[in-house]
Amino acid sequence: MALNREWHRSHRMPPKATRAQRIEWHAAHARACGCRAIPEGIKPEVEKLLKGNRKR
């Protein structure tokens, strides 16, 4: 998928983001842009969050 520049401009990763913030950001990123893969270190948590959001 191509880079969604507008999304990236309005959704900056916080400086010194906590693990929870990183998981939330990458889940939102995967839904809105997906220009790169989810980092392996947080991938299971991000995928769990994405699956949980689909049920709503």
In order through the stretch 13-26: 3J(HN,Hα) via Karplus (6.51 cos²θ - 1.76 cosθ + 1.60), integer Hz, x for Gly, Pro: 5, x, x, 6, 4, 6, 4, 4, 5, 5, 4, 4, 4, 5
The chain: relative contact order in percent, alpha carbon pairs under 8 Å with at least 6 residues between: 41 percent
Only Lys, Arg (+1) and Asp, Glu (-1) charged, at Cβ; the chain dipole about Cα centre in debye: 140 debye
Helical contribution to [θ] at 222 nm, DSSP H n ≥ 4, -39,500 (n - 2.57), averaged over the chain, rounded to 500: -17000 deg cm²/dmol
Relative exposure of 8, 29, judged by other C-beta atoms within 10 Å (fewest first): 8, 29
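Values in this text are rule-based calculations from the coordinates and carry no lab data. All values reported here derive from a predicted model rather than from experimental measurement. Glycine gets a Cβ as well: all are built from the backbone with ideal geometry, and neighbour counts include every protein chain shown.
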